[in-house]
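The values are calculated or read from the model by the stated rules, or taken from the named source; none is laboratory data. All values derive from a computational prediction rather than experimental measurement. So basically every Cβ, Gly included, is an ideal-geometry build from the backbone, and we count neighbours across all protein chains shown. Please note that ligands, DNA and RNA were not included when accessible areas were found on the heavy atoms of the full protein model with its side chains. Shrake-Rupley method; radii C 1.70, N 1.55, O 1.52, S 1.80 Å.
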Amino acid sequence: MQVKFDVEGGNFSKAGHASSQVKKILKQLNVAPKIIKSIVVALYEAEVNIVAHAYNGTIEVTIDPQKILINLSDNGPGIADISLAMQEGFSTASQEVRQMGFGAGMGLPNIKRNTDEFEIESEVGKGTKLIMTKFF
Amino acid sequence: MDSVRYHHAIKVNLDKCVSCTHCIKVCPTEAIRVIKGKAVINKDRCVDCGECLRACPVNAFYVEQDDLLQIQKYKHRVALFPAAMIGQFPENITENQIYNGLLQIGFTHAHEVEQPISVLKEMVDEYCQQHSESKPLISSYCPAVIRLIQVRYPSMTENIIRLKAPHDLAALNVKQALLEDGAKEEEIGIFYITPCAAKIAAVKQPVGEEESIINGIINMNEVYNRIMLNIENNKEEQDTSHMRQGLTRDGVLWCLTDGEAIHSEGRAMAIDGIHNVIKFFERIENEETPEIDFLEVRACDQSCAGGILLTGNRFLTVERLRKRALRYQPATSSNKIDAKLDIATLKQSLHAAPIPPKPIMMLDKDMARALEKLNRARSIMCHLPGIDCGACGAPSCMALAEDMVQQKAKMSDCIFLQQRWQSQGKISAKKAYKNMEEKWGEDRFEPDCNKKGAKNESF
C-alpha cells in the first residue's frame, strides 16, 4: 500500500498530519503499539524538520506485511555537515522555531533511534532526502 | 481476553428510534450503525460516554438502572452520591433539605462519595512518586475515558493510575463504618446514585477489579425528580450535618474540572469533553506534548457537572458547587477524617489490577489480511461520494467502506451510488427503492405528519 503526503514549509499548524494518518493506518493493520509509537515519533520528527527548514516536501509511505518504508524528500537549504547534524543537541533552527518548542536538535538522532534502517542524503541549496524503514 | 464483553448501561428504545443518524455522527468510537431503521450499538466499541444520548432528538437512548424498590431488601440503606448532585438544585434549597429528601425516598444513610477523598489524594501522590517512569500518569477517575484508552489508545493503558475510583473508596469507607457500628454485612445495601452511564458500567463490571461492593445503581435524574417532588413538605426537617462528616472543600470540587489536577505536585493538566480528550491523546501518542506528570481526563464537558444524568445547566451546577465548596475547610491529612476508620485497610483495598488493552481499530488480526482489507476499502472509497451524509447508516463514507470489507455492508447501501447506477441503467428504480427499504425499514418513507417538526407533531 502506498500513501503520499505533501508538506508545506513554515506551516506548523499542519505539522503532524502525515504522522497522524500513518498512525491510523498502522492501528488498522494491527501493528504492535510499541512499533507504531516508534514509527510515529520518527515520522513526526522528520515531518517537523521539513516544516521548520524546507520550502516544501513530500512524504511517501509504502507498507507491506513485513515493514514500513518512508521516503521523505524536501526542497530546502540542505545540510552542510550531516555527521554534525546527527549529533544530539546540534540545531540550526531559528529563534522563532525554538520558541514554538521545536528545533531542540534531537531530531535526526531521534529518527535514527526509532527506525531499523535510516539513510540520509543532502545537497546544500537543493534539499534533503531521508529514507527510513521499520520492520513490524 | 477478547471474549470478555463489556457491560453497557446505554440502551436503545427501538420504539422511539426514528433512525435520524444524529447519534452515529457524534460517537467517538464509531460504534453505532443504523440497521433496518434502528440504531444499533456495537458493544465492543462503545465506551458508555453518552454522546449518543445527548444527540438524540427523540430520547431513544436510555440508561438502564436498578429498581429503587430493591433498596427495601436491606436494613441499612445507603445512598452514595457524588457531590455534583447537590449542585443541580436551585440555591433556595438547602443541603439539609436534599439529605432529608434522600431519607424520605427510603434511604437510612446518605453519604457523599468525596467524604473520604483525602485518603485517595494521598494515595495518588504516593503512586505518582513511585511510578514516575510511565509519564504522563493518567487518572483512573473517569470510566468512559479508561474505556476509550482501552479501545482507541491501547498503548496508553500502561499510563493509567492503578488505583480504584472515588466511589469504590467511599463504598468501602461507608461499609467499614457501618460494620464498626454493629451492622451485619448482609444487612447493608449500598446504592450508588450515578451521574452517567459510564459509572454504571464501571460498577457492574469494574475494569481492573474483580467485583464491586456496591449493591445497586439508581440514576441521578430519577433521584432528583423524587427529591424535588417532596421538597415543599420538607420545611421542618431533621439536622443531617453529621452525615457529611469529613467532607472538605477539595472533596466538593473533586468531581469538577481541575478537581484532581490542582493537587498534583508536578506538571499537571486537566482535560474535559471527550472530543477534546481524543485530540489530546493523539498528541500524546505522537509525543507532540511536553513532559506531563499527571493528567486528569474527563469525558464530559465540565466533568461530572455535565454528566448525562444531571438535570439543569452544567455551568450553573459548577457555579453552585464552587460556592458550596467555600463553606467547607480544605482537606487535611487522612488520619484526621475519622478516628474510627482503618485507613491502612482502606488504602490497601484501593489498589487495582492493570487495565488490559482492547484494541478495536484493526481490520484483521492477521496483518497481511488487514492490509488487503485496507487496500480494498481504499479502492471502494474511489467510488463513494465522500459526502459523509450518514444515509447508509454508517457515520462516514470511510466507515461504510470499512464495513464493506468486513462484510457488514454493501455498495448499494450508498444512496448516491444507487442513483448513479439507476441513471446508467444498471439497476431498476424498483430494486433501488427496495434496497433503501431494507436498510431503513418498510414504512420509513411513508408520509408521517406526527414526526418531529411535521404538521401534527405533539410537544
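Residues in segment B:236-251 that are more than 14 Å from B:L120 (Cα to Cα) and either touching a helix residue (DSSP H, G or I) at 6+ places or on another chain (Cβ under 9 Å) or touching a residue at least 12 places away in the same chain (Cβ under 8 Å) (or both): how many? Number satisfying all stated conditions: 9.
Can you name the residue in segment B:346-357 that is in a helix (DSSP H, G or I) and in contact (Cβ under 8 Å) with a residue 60 or more places away in the chain and is also farthest from the other protein chains (Cβ to nearest Cβ) among such residues?
Quick first cut of segment B:346-357, residues in a helix (DSSP H, G or I) only: B:346-348.
Of the ones still in play, those that are also in contact (Cβ under 8 Å) with a residue 60 or more places away in the chain are B:346-347.
Values: B:L346: 34, B:K347: 32 Å.
Residue satisfying both the conditions and the ranking: B:L346.
From the list B:L80, B:L53, B:L14, B:L69, exactly one residue is in a loop (DSSP other than H, G, I, E, B) and either modelled with pLDDT of 90 or more or more than 19 Å from the chain's Cα centre (by Cα) (or both). Which is it?
Working: B:L80 fails: in a loop (DSSP other than H, G, I, E, B); B:L53 fails: in a loop (DSSP other than H, G, I, E, B); B:L69 fails: in a loop (DSSP other than H, G, I, E, B).
So the residue among B:L80, B:L53, B:L14, B:L69 that is in a loop (DSSP other than H, G, I, E, B) and either modelled with pLDDT of 90 or more or more than 19 Å from the chain's Cα centre (by Cα) (or both) is B:L14.
Checking each residue in segment B:245-282 for being of a type in the set (K, R) and either modelled with pLDDT under 90 or within 19 Å of the chain's Cα centre (by Cα) (or both) picks out only B:K279.
Does B:E260 fit the bill of being within 14 Å of another protein chain (Cβ to nearest Cβ) and surrounded by 19 or more Cβ atoms within 10 Å (Cβ to Cβ)? Write out each step before concluding.
Values: within 14 Å of another protein chain (Cβ to nearest Cβ): no; surrounded by 19 or more Cβ atoms within 10 Å (Cβ to Cβ): yes.
No; evaluated as a whole, the condition is false for this residue.
Restrict the check to segment B:370-384 and report whether at least one residue is out of contact with any Leu (no Cβ under 9 Å at 6 or more places or on another chain), at the interface with another protein chain (Cβ under 7 Å from one of its Cβ atoms) and among the charged types (D, E, K, R). The answer is no; no qualifying residue exists.
Which count do you get for residues in segment B:410-455 that are open to solvent by less than 80 Å² (accessible area, probe 1.4 Å), outside any helix (DSSP H, G or I) and not charged (D, E, K, R)? Spell out how you get there, then give the answer.
Filtering segment B:410-455 for residues open to solvent by less than 80 Å² (accessible area, probe 1.4 Å) gives B:411-415, B:417-418, B:421-422, B:425, B:427-429, B:432, B:435-437, B:439-441, B:448-449, B:453-454.
Within this subset, residues satisfying the condition of being outside any helix (DSSP H, G or I) are B:414, B:425, B:427-428, B:441, B:448-449, B:453-454.
Now restrict to residues that are not charged (D, E, K, R): B:414, B:425, B:427-428, B:441, B:449, B:453-454.
Number of matching residues: 8.
Name the single residue, out of those in segment A:63-82 being among the aliphatic types (A, V, I, L, M) and under 13 Å from A:A46 (Cα atoms), that is nearest to the other protein chains (Cβ to nearest Cβ). Show your work before the answer.
At the first step, the residues of segment A:63-82 found to be among the aliphatic types (A, V, I, L, M) are A:63, A:68-70, A:72, A:79-80, A:82.
Subset that is under 13 Å from A:A46 (Cα atoms): A:70, A:72.
On the way: A:I70: 15, A:L72: 16 Å.
So, considering only residues that are among the aliphatic types (A, V, I, L, M) and under 13 Å from A:A46 (Cα atoms), the one nearest to the other protein chains (Cβ to nearest Cβ) is A:I70.
Here A:V51 fulfils each of the conditions (1) open to solvent by less than 50 Å² (accessible area, probe 1.4 Å); (2) within 15 Å of A:F118 (Cα to Cα); (3) among the aliphatic types (A, V, I, L, M); (4) away from every other protein chain (no Cβ under 12 Å) apart from (2). For A:G9, the conditions (1) open to solvent by less than 20 Å² (accessible area, probe 1.4 Å); (2) over 22 Å from B:A377 (Cβ atoms); (3) more than 10 Å from chain B (Cβ to nearest Cβ) all hold with the exception of (1).
The one condition from (1) modelled with pLDDT under 90; (2) in the same structural domain as B:L371 (by TED's automatic domain parsing) that B:L384 does not meet is (1). For B:S458, are the conditions met, namely being among the hydroxyl-bearing types (S, T, Y) and surrounded by 11 or more Cβ atoms within 10 Å (Cβ to Cβ)? No; evaluated as a whole, the condition is false for this residue.
Touching an Asp or Glu at 6+ places or on another chain (Cβ under 8 Å), in a loop (DSSP other than H, G, I, E, B), within 14 Å of chain A (Cβ to nearest Cβ) and within 30 Å of A:E47 (Cβ to Cβ), is that true of B:I360? Here the answer is yes, as B:I360 does meet what is asked. Taken over segment B:227-257, the criterion of being open to solvent by 60 Å² or more (accessible area, probe 1.4 Å), within 17 Å of B:N92 (Cα to Cα) and either outside the structural domain of B:R314 (by TED's automatic domain parsing) or not in a loop (DSSP other than H, G, I, E, B) (or both) is satisfied by B:M228, B:L229, B:E232, B:N233.
Of a type in the set (V, I, T), part of a strand (DSSP E or B) and in contact with an Asp or Glu (Cβ under 9 Å, 6 or more places away or on another chain), is that true of B:I193? Give the derivation first.
Working: of a type in the set (V, I, T): yes; part of a strand (DSSP E or B): yes; in contact with an Asp or Glu (Cβ under 9 Å, 6 or more places away or on another chain): yes.
Yes; evaluated as a whole, the condition is true for this residue.
Taking segment A:2-85 and the helices (runs of 4 or more DSSP H) fully enclosed by it, the elements with 2 or more residues that are under 29 Å from B:M156 (Cα atoms) are at A:17-28, A:33-53.
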